[in-house]
Amino acid sequence: MTATSEMLSEIREVNLSYLLLAQRLLREDKPMGMFRMGISDQLADVLANLSLAQTVKLAASNQVLCRFRFDDHTILSSLAEKGKQGVVAQAHSAILMASQPTEQIG
């Protein structure tokens, strides 16, 4: 297997894992799932209602479907800071992430 095909296979695995986790979070507790994923109500509905075939087809994309939410230096620094207690760091990060806009269907 070439490096490129191996990388594409890993992207598909990440995509499928992400989509399945997203669906589980949204089906168990939609508001909390939306918060944890940073997505809008509209996008949550689309993800939660994908059939298995649609989910697998979407996961087969050669693009990573999930977005790294810690593109803000403050959030990443807060999570990585060694001096804070784990619970305090998580609470601080949750507050910072809650202030970020949700992703919309473009």
Got a number for residues in region 36-49 being in contact with a helix residue (DSSP H, G or I) (Cβ under 7 Å, 6 or more places away or on another chain) and not in a loop (DSSP other than H, G, I, E, B)? 6
How do the pairs read when you match residues in region 38-64 that are over 16 Å from Leu25 (Cβ atoms) and hydroxyl-bearing (Ser, Thr, Tyr) with residues anywhere that are outside any loop (DSSP other than H, G, I, E, B) and open to solvent by 80 Å² or more (accessible area, probe 1.4 Å), using Cβ under 9 Å and keeping only pairs 6 or more apart or on different chains? Ser61/Arg12
When every residue in region 5-34 that is within 10 Å of the chain's Cα centre (by Cα) and farther than 17 Å from Leu52 by Cα is compared, the one most open to solvent (accessible area, probe 1.4 Å) is Met34
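The values are calculated or read from the model by the stated rules, or taken from the named source; none is laboratory data. Remember, it's a predicted structure, so these values are computed and weren't measured experimentally. Here Cβ is always computed from backbone atoms with ideal geometry, including for glycine, and neighbour counts include all displayed protein chains. Just the protein is used for accessible areas: all its heavy atoms, side chains included, with ligands, DNA and RNA removed. Shrake-Rupley method; radii C 1.70, N 1.55, O 1.52, S 1.80 Å.
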